């Protein structure tokens with residue numbers, strides 16, 4: 001059972017918002033006493049997802065939540081965009097697959113960096129990616 | 001038949017200016033430290049001139065009409081100079097609002113027996129002047145935004161210095177997030193400097209980069225490839241433990257690139273590549 005303790009939404013529309021979002025995520029991670037390595041992993045994951053959002057969907061919204069499950073605290077990030085959507089999620093989750101000339105490690109790499117990863121996408125409607133990183137996990 | 005309002009105001013131009021100046025000088029918020037009274041007067045005169053001479057019965061409420069562009073231009077100019085002189089937006093706004101008061105006062109003196117007419121005309125003037133004060137705010141904000149943009153450019157420029165740490169060895173400390181635009185600047189500066197100094201080794205130090213995601217890694221790989229094409233070797237230093245772990249998890253392959261944990265070890269590696277040796281000097285024996 002995952003309980004949400006606090007919620008905060010950040011709009012990401014332009015390049016400057018990316019830095020702002022990362023700072024907010026970092027603040028939250030520091031607040032729940034996440035270790036430095038996990039902090040960096042969470043930040044990198046957030047960075048990957050927000051870059052995807054900027055690049056393919058021209059921005060979107062990120063919800064930052066502090067969640068708790070038993071004695072474990074963590075950060076949940078929900079990235080929602082109204083972009084073109086991903087036609088083939090299985091392919092997008094494969095290492096080295098990219099429709100946009102990048103390394104193709106963003107989504108699969110992000111999955112490896114966080115504890116829980118969920119992606120939902122509908123072509124023409126948008127994509128929602130939810131990740132959870134536990135403070136010590 | 002009484003005069004139309006705009007004709008009335010044109011006739012009373014002198015009065016309006018005098019009244020406005022009186023109001024401004026009497027105001028507590030007068031900033032004699034920022035602007036001299038003469039200058040204030042000439043500014044005010046210019047604005048009243050432009051405002052009154054461009055008034056016509058049709059354009060009273062339509063600020064988009066072309067006839068207003070000289071007024072908006074003058075007002076914009078005033079707002080920008082005032083912003084530079086250190087006026088607060090409120091003070092610049094008050095500058096326009098006090099003109100409105102002067103206009104209304106003149107109107108009140110002239111239209112005596114017809115409250116309804118006075119009200120409707122006041123309303124028009126109100127609307128017009130409110131619009132103009134919004135213009136000052138817009139210009140003020142635009143001026144500020146320009147300052148911010150200029151600073152952004154300056155930061156981008158100074159934040160990517162190329163340092164000559166040794167004859168033939170360049171170091172490039174990167175601080176902050178690497179995005180496409182910055183990578184472009186970094187690459188340009190680095191390649192240019194390699195040509196100019198004839199260096200054979202470049203060290204990219206990423207100690208100041210908070211997180212390395214796949215895009216940053218891709219940019220780094222591109223920079224290294226470009227440096228190699230120029231015939232120089234590129235070493236990436238400043239890889240912190242948490243960054244190393246993240247890069248591994250992401251699955252980024254940096255094995256083709258020479259990477260070091262610290263700038264010092266990158267430097268000593270370059271010495272080795274250049275077959276240089278750093279030794280403690282032995283004291284010269286005295287006889």
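The values are calculated or read from the model by the stated rules, or taken from the named source; none is laboratory data. In this text, all values refer to a predicted model and were calculated from it rather than measured experimentally. Every residue, glycine as well, gets a Cβ built from its backbone with ideal geometry; the counts of neighbours run over all protein chains shown.
Okay, here's what the table says:
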item	result
Within segment A:60-93, tally of residues that are more than 18 Å from residue B:253 (Cα to Cα), in contact with a helix residue (DSSP H, G or I) (Cβ under 8 Å, 6 or more places away or on another chain) and part of a loop (DSSP other than H, G, I, E, B)	4
Per-region count, segment B:194-219, residues touching a helix residue (DSSP H, G or I) at 6+ places or on another chain (Cβ under 9 Å), more than 11 Å from chain A (Cβ to nearest Cβ) and assigned to a helix (DSSP H, G or I)	1
Members of segment A:25-44 that are surrounded by fewer than 18 Cβ atoms within 10 Å (Cβ to Cβ), assigned to a helix (DSSP H, G or I), out of contact with any helix residue (DSSP H, G or I) (no Cβ under 7 Å at 6 or more places or on another chain) and within 12 Å of chain B (Cβ to nearest Cβ)	none
Residues of segment B:66-113 classified as closer than 24 Å to residue B:12 by Cα, outside any helix (DSSP H, G or I) and free of Cβ contacts under 8 Å to residues at least 12 places away in the same chain, total	2
Residue count, segment B:208-229 (criterion: at pLDDT below 90 and surrounded by fewer than 16 Cβ atoms within 10 Å (Cβ to Cβ))	2
Residues of segment A:94-137 classified as in contact with a strand residue (DSSP E or B) (Cβ under 6 Å, 6 or more places away or on another chain), within 14 Å of another protein chain (Cβ to nearest Cβ), part of a loop (DSSP other than H, G, I, E, B) and surrounded by 18 or more Cβ atoms within 10 Å (Cβ to Cβ), total	1
Some residue of segment B:260-283 being modelled with pLDDT under 90, surrounded by 13 or more Cβ atoms within 10 Å (Cβ to Cβ), assigned to a loop (DSSP other than H, G, I, E, B) and touching a helix residue (DSSP H, G or I) at 6+ places or on another chain (Cβ under 6 Å)	no
Residue match in segment A:48-55 (condition: closer than 16 Å to residue A:11 by Cα, in a loop (DSSP other than H, G, I, E, B), in contact (Cβ under 8 Å) with a residue 12 or more places away in the chain and more than 11 Å from every other protein chain (Cβ to nearest Cβ))	no
